[in-house]
Amino acid sequence: MVIFIVPAYNEEANIGRLLTGMQAKLEAIRCPAHVIIVDDASQDRTGEIAQSFAPRLSIEVVRNRVNRGVAEAFRAGFRRALEVAGPEDVIVTKEADNTSDLSVLEAMLARTAEGYDFVLASCFAPQGKVVNSTMDRHVLSWAANWLLRTFFPIPGIHTYSSFYRAYRAETLRRAFEVYEGKLLECQGFGCMVEMLVKLRRLPVRMVEVPMVLQCDLRRGPSKMRRLRTIQEYLHLIRREAFRSRLDPERVRRVFERPPQEPVVSLDESR
Ligand SMILES: Nc1nc2c(ncn2[C@@H]2O[C@H](COP(=O)(O)OP(=O)(O)OP(=O)(O)O)[C@@H](O)[C@H]2O)c(=O)[nH]1
Ligand SMILES: [Mg+2]
């Protein structure tokens, strides 16, 4: 099974199209899936529209009463996904704004089936592309990724900031355990970079799948606050670049343990 986690804030203009596309794709590739939407106190109909897909799609909407930001949405999403995930399941995170290109999903899942623990959809990979972005946004994003690559080089990885990723659930469970819940400490958009930087210190096989990021598929404004995100990246670089080594004995113990069955069965829990 593939468990999707989609953080969504005021995405009523996008979420219907997103879920219609996902439903069609999952049927076409015959992929059993469960979708977790984390609706973060949207002031529009995001949650209602997502919930209306329930008869057609295995979906649950986690609703926050107050807006807690994208990092808290991922924390809640991962917590829930790891409750229901079995050892062979894959967790996919993606954006609600239709920019996470579904045509690369099969390639991402194929890579996890080959044994990769962590697969990143990558617009800065040699065959990837960004189209119809504004010049300033594109330059900013490219520069941020270049800076992150310089401080935290990972062979073959070019895009550090993307939300669109596939994780083997069992590996992620172990990563959360090694970091004792501190795999995601950031509060904002930096949290996805933080996860990548922290996962690279573990015995995790990573690979990229090139993606075309088509920015004009999004309707409505961007939710990303640029200044705050830049500050968070800089803070992350300062904190992680000089962090002491993880205890190798602890990492070995957690990563060599037998796999774990789901804590909660999806049928009973909804
Ligand atoms: N749950 C939750 N989701 C959020 C919040 N802010 C943004 N998101 C979601 O996070 C995803 C990424 O936000 P975007 O606005 O697309 O940010 P971005 O992709 O970095 O920037 P663009 O390139 O401008 O699209 C979308 O699915 C948003 O709905 C929030 O406060 N809470
Ligand atoms: Mg986006």
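Working only within region 89-103, note down all residues that are in a helix (DSSP H, G or I) and within 16 Å of ligand 1 (Cβ to nearest atom). Before you say what the answer is, go through the steps one by one.
First, pick out the residues of region 89-103 that are in a helix (DSSP H, G or I): 102-103.
Leu102, the sole residue that qualifies.
If I go through region 53-88 residue by residue, how many of them are in a strand (DSSP E or B), under 19 Å from Ser265 (Cα atoms) and either within 8 Å of ligand 1 (Cβ to nearest atom) or not β-branched (Val, Ile, Thr) (or both)?
Filtering region 53-88 for residues in a strand (DSSP E or B) gives 59-64.
With the extra rule that they be under 19 Å from Ser265 (Cα atoms), the set shrinks to 59-62.
With either within 8 Å of ligand 1 (Cβ to nearest atom) or not β-branched (Val, Ile, Thr) (or both) added as a condition, the list becomes 60.
Here the count works out to 1.
Given the structure, is Ile29 buried (at least 17 other Cβ atoms within 10 Å of the Cβ) and among the hydrophobic types (A, V, I, L, M, F, W, C)? Talk me through it step by step, then tell me what you get.
Details: buried (at least 17 other Cβ atoms within 10 Å of the Cβ): no; among the hydrophobic types (A, V, I, L, M, F, W, C): yes.
In short, no.
Six or more apart or on different chains, Cβ atoms under 7 Å: show the pairs whose first residue is in region 161-182 and closer than 13 Å to Val204 by Cα and in contact (Cβ under 8 Å) with a residue 12 or more places away in the chain and whose second is hydroxyl-bearing (Ser, Thr, Tyr) and not in a loop (DSSP other than H, G, I, E, B).
Once the first residue is closer than 13 Å to Val204 by Cα and in contact (Cβ under 8 Å) with a residue 12 or more places away in the chain and sits in region 161-182, its partners that are hydroxyl-bearing (Ser, Thr, Tyr) and not in a loop (DSSP other than H, G, I, E, B) give Ala166/Thr112; Arg168/Thr112.
Can you find a residue in region 83-106 that is in contact with a Phe, Trp or Tyr (Cβ under 6 Å, 6 or more places away or on another chain), hydroxyl-bearing (Ser, Thr, Tyr) and more than 15 Å from Val2 (Cα to Cα)?
Yes: one or more hits.
Report yes if Glu48 is modelled with pLDDT of 95 or more, more than 21 Å from Val212 (Cα to Cα) and part of a loop (DSSP other than H, G, I, E, B), otherwise no.
Numbers: modelled with pLDDT of 95 or more: yes; more than 21 Å from Val212 (Cα to Cα): yes; part of a loop (DSSP other than H, G, I, E, B): no.
Judged against the criteria, Glu48 is not a match.
Residue by residue through region 194-221, note down the ones that are within 16 Å of ligand 2 (Cβ to nearest atom) and of a type in the set (Val, Ile, Thr).
Just the residues of region 194-221 that are within 16 Å of ligand 2 (Cβ to nearest atom), to begin with: 211-221.
Selection gives Val212 alone.
Considering each of Ala76, Ala81, Ala113 in turn, give the residue that is farther than 20 Å from Ile37 by Cα and more than 16 Å from ligand 2 (Cβ to nearest atom).
Values: Ala76 fails: farther than 20 Å from Ile37 by Cα; Ala81 fails: farther than 20 Å from Ile37 by Cα.
None of the other options fit; the residue is Ala113.
The values are calculated or read from the model by the stated rules, or taken from the named source; none is laboratory data. All of these numbers come straight from a predicted model, not from anything done at the bench. No Cβ is skipped: glycine too gets one built from the backbone with ideal geometry, and neighbour counts run over all protein chains shown.
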